[in-house]
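Notes follow once the structure below has been shown.
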Amino acid sequence: MTDDLITQILRNTRRIALIGASANPARPSYGVMQFLLNAGYGVVPVNPGLAGQTLQGRQVVATLSDIEGDIDMIDIFRRPEHVPAIVDEALERFPNLQTIWMQIGVVHEEAGATARASGVNVVMDRCPAIEHPRLIG
């Protein structure tokens with residue numbers, strides 16, 4: 001994954017589903033969601049345990065199937081063993097999906113290959129809240 005491609009992904013993304021959103025400000029997913037919102041992205045928090053609640057001004061949904069409209073990027077804050085099911089659901093639910101982004105520490109090569117075979121960009125083991133300031137400012 002080159003810096004140019006990551007820059008292009010970040011510039012072309014408008015709406016993100018954040019899988020594993022947390023209401024705990026000490027959790028990385030909380031800070032990343034806050035960063036993405038402040039950077040101007042639309043963020044849909046996904047967490048079945050918080051579904052129906054409001055998180056940082058956004059309604060939390062239980063699953064990707066509960067999201068209305070299209071999503072450009074799925075940002076995954078889940079352990080690697082959960083990634084294949086998330087990728088399969090995302091590819092089925094969002095035909096215009098552009099990117100699967102796996103957070104720092106999240107790598108699943110097989111799920112990445114599945115997404116790439118569907119024409120979707122895959123970023124693994126990186127954080128958009130780190131890459132955005134580094135590459136875009």
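The numbers here are math on the coordinates, done by the rules we state, and not lab data. Predicted model, so just to flag it, every value in this text is computed and none were measured. Neighbour counts are summed over all protein chains in view; Cβ atoms, including those assigned to glycine, are modelled from backbone coordinates with ideal geometry.
Some values worked out for this structure:
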item: Compactness of the range 3-131, expressed as Rg and Dmax over alpha-carbon positions, Å; result: 13.2, 37
item: Relative contact order of the chain, pairs being alpha-carbon contacts under 8 Å that are 6 or more residues apart, as %; result: 23 percent
item: Radius 14 Å from Cβ of Leu37, net charge of other residues (Lys, Arg +1; Asp, Glu -1); result: +2
item: Environment charge at Gln59 (Cβ cut-off 13 Å; Lys +1, Arg +1, Asp -1, Glu -1); result: -1
item: Extension gain from Ala39 to Arg27, taking 0.36 nm per residue of separation minus the Cα-Cα distance; result: 2.4 nm
item: Separation of the Gln56 and Glu81 label points, Cα + 7 Å toward Cβ, nm; result: 2.8 nm
item: Rounded to 5, the percent of DSSP beta bridges in the range 44-137 classed as antiparallel; result: 20 percent
item: Within the chain, helix-based [θ] at 222 nm, where runs of 4 or more DSSP H residues each add -39,500 (n - 2.57), nearest 500; result: -10500 deg cm²/dmol
